[in-house]
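See below for the structure under consideration.
The values are calculated or read from the model by the stated rules, or taken from the named source; none is laboratory data. All figures in this text were calculated on a predicted structure; none of them were measured in a lab. Please note: Cβ atoms are built from the backbone with ideal geometry, for glycine as well, and neighbour counts cover all protein chains shown. Protein only, heavy atoms only, side chains kept; ligands, DNA and RNA dropped before computing areas. Shrake-Rupley method; radii C 1.70, N 1.55, O 1.52, S 1.80 Å.
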Amino acid sequence: MLDITHLPRVQTPYYIYDTALLARTLDAIKAETCTHDHWHVHYAVKANAHPDILRQIAAAGFGADCVSFGEVQAALDAGFPASEIVFAGVGKADWEIRKALKADIAMFNVESLEELEVIHEIATLLNTRARVSFRINPDVGAHTLAHITTGKAENKFGIAKEDMVRVVREAQQMARIDFTGLHFHIGSQLLEMDDFVALCTRINELQDELEAAGLHADNINVGGGLGIDYEAPDTHPVPDFKAYFQTFAAGLRLRAGQQLHFELGRSVVAQMGSLITRVLYVKHGTSKHFVIVDAGFTDLIRPAFYGAYHKVENLSAASRTASQEATEENIYDVVGPICESSDVFVTDYALPATRRGDLIALRSAGAYGEIMASRYNCRELPKGYLME
Ligand code: LLP
């Protein structure tokens, strides 16, 4: 349970970030990767771009994985070196490509031949060169929520693996393009190492194919995707990075001189964040009891959008004296104030007897929480605070 005494006294709803847990998580990643000097871990900025969080991750020596120039700028502002910034995304705008070239980022992860041609054109106009890796769709299934798989042939991401050799050859014909490697990403919130084993197998096959065609990639980027324990954040505050990194160490057949890149988002920041919200009303419906809180899907969209689960804790009830009321449990739906029926965090959920004014935590919300907030219903965006 989150400790209520460490919370700031500010207007709810807000995000609270446990930077000590973030530091432990970053240390755990470094412990597994520091002995491989050809490995690079890029933090996926899309998961959480709070400036203090970005600064802490940059200061720990990580690179950044970005999907818009806004993210590239946020990464540069936080102190990530341009030489460790990669830029992916199926729809990079011309101005974003221009600015990223001027910023001299490490490489573009290119998702189509059409995009490659535009990058080449812009690099030529700017009289510079563009380093590109190709995002190859590995057509590997992954065990996760339907909305967040990305590596199947029917997804919009990447270049079909059948086209890989042709596209690399095209790139080599372009005067201002330097082909630097291959990029993959099969999905997010993956807990079965077998999914990553399947990715390694596919990468090995594709590397054989590349080699047979007389081609060589300097960089292999395996994307992100390692999941976290949403059910038991206090039992597993730090994900199993050992199993994750060992899967790649054992499964990938890297070629001489190749650099290996990872793009971890959720596993770095999810467990260090919670959304703190206050109970406005406890409403007794005909067949249900509703806990109506002041946070809605505008603050944390994952339950409404993906059917995702975030553990709910009543922090105030936990701190009430051991009265009978505090030990009593009721079954509630915890819902927000937005004018949409999908604005529900959990249904039929056991919580201690809950009252108006109680503080509630939605746990494991450090990734894809604050950053996905919206202003629907003219609501204020939630702020993020560091734990005191
Ligand atoms: N690399 C690429 C190319 C990606 O598309 C993503 C995430 C990552 C890295 C980082 O993946 P992670 O390590 O965080 O799994 N909003 C969704 C998740 C979308 C993930 C999109 N891509 C959610 O709330 O679950």
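Tabulated values for the structure
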quantity	calculated
Number of the condition not met by residue 347 [criteria: (1) within 20 Å of residue 305 (Cβ to Cβ); (2) not in a strand (DSSP E or B)]	(2)
Some residue of the range 334-345 being among the hydroxyl-bearing types (Ser, Thr, Tyr), out of contact with any Leu (no Cβ under 8 Å at 6 or more places or on another chain), open to solvent by less than 60 Å² (accessible area, probe 1.4 Å) and farther than 30 Å from residue 264 by Cα	no
Condition check for residue 100: modelled with pLDDT of 95 or more and open to solvent by 30 Å² or more (accessible area, probe 1.4 Å)	no
Criterion: at pLDDT 95 or above and away from the ligand (no atom under 16 Å from the Cβ) - qualifying residue of 373, 361, 365	361
Residue 287, sole failed condition from (1) surrounded by 19 or more Cβ atoms within 10 Å (Cβ to Cβ); (2) more than 16 Å from the ligand (Cβ to nearest atom)	(1)
All positions within the range 265-307 that are among the hydrophobic types (A, V, I, L, M, F, W, C) and under 18 Å from residue 367 (Cβ atoms)	268, 269, 270, 272, 275, 276, 295, 297, 300, 301, 304, 305
Per-region count, the range 181-194, residues under 21 Å from residue 47 (Cα atoms), touching a Ser or Thr at 6+ places or on another chain (Cβ under 9 Å) and open to solvent by less than 10 Å² (accessible area, probe 1.4 Å)	4
Counted residues, the range 299-344 - those being modelled with pLDDT under 95, aliphatic (A, V, I, L, M) and either in a loop (DSSP other than H, G, I, E, B) or touching a Gly at 6+ places or on another chain (Cβ under 7 Å) (or both)	1
Criterion violated by residue 382 - all others in (1) in contact with a helix residue (DSSP H, G or I) (Cβ under 7 Å, 6 or more places away or on another chain); (2) of a type outside the set (A, V, I, L, M, F, W, C); (3) more than 16 Å from the ligand (Cβ to nearest atom); (4) at pLDDT 95 or above satisfied	(3)
Qualifying residue in the range 276-298 (condition: among the aliphatic types (A, V, I, L, M), modelled with pLDDT of 95 or more and more than 30 Å from residue 12 (Cβ to Cβ))	no
Residue within the range 6-28 that is more than 26 Å from residue 259 (Cα to Cα), touching a His at 6+ places or on another chain (Cβ under 9 Å) and open to solvent by 30 Å² or more (accessible area, probe 1.4 Å) present	yes
Hits in the range 140-189 (condition: of a type in the set (Asp, Glu) and either assigned to a helix (DSSP H, G or I) or modelled with pLDDT of 90 or more (or both))	162, 163, 170, 178
Given (1) surrounded by 18 or more Cβ atoms within 10 Å (Cβ to Cβ); (2) modelled with pLDDT of 95 or more; (3) within 16 Å of the ligand (Cβ to nearest atom), number of the condition residue 231 does not satisfy	(1)
Test: residue 223 is within 14 Å of the ligand (Cβ to nearest atom) and on the phi > 0 side of the Ramachandran plot	yes
Condition check for residue 199: outside any loop (DSSP other than H, G, I, E, B), in contact with a strand residue (DSSP E or B) (Cβ under 8 Å, 6 or more places away or on another chain), closer than 16 Å to residue 136 by Cβ and modelled with pLDDT of 95 or more	no
Members of the range 203-227 that are under 16 Å from residue 161 (Cα atoms) and open to solvent by 50 Å² or more (accessible area, probe 1.4 Å)	205, 208, 209, 211, 212, 216
Residue count, the range 195-219 (criterion: touching a helix residue (DSSP H, G or I) at 6+ places or on another chain (Cβ under 9 Å) and among the acidic types (Asp, Glu))	2
Residue 125 open to solvent by 50 Å² or more (accessible area, probe 1.4 Å), within 13 Å of the ligand (Cβ to nearest atom) and either closer than 21 Å to residue 46 by Cβ or free of Cβ contacts under 8 Å to residues at least 12 places away in the same chain (or both)	no
Of residues in the range 257-277 being part of a strand (DSSP E or B) and near the ligand (Cβ under 8 Å from one of its atoms), the one nearest to residue 27 (Cα to Cα)	264
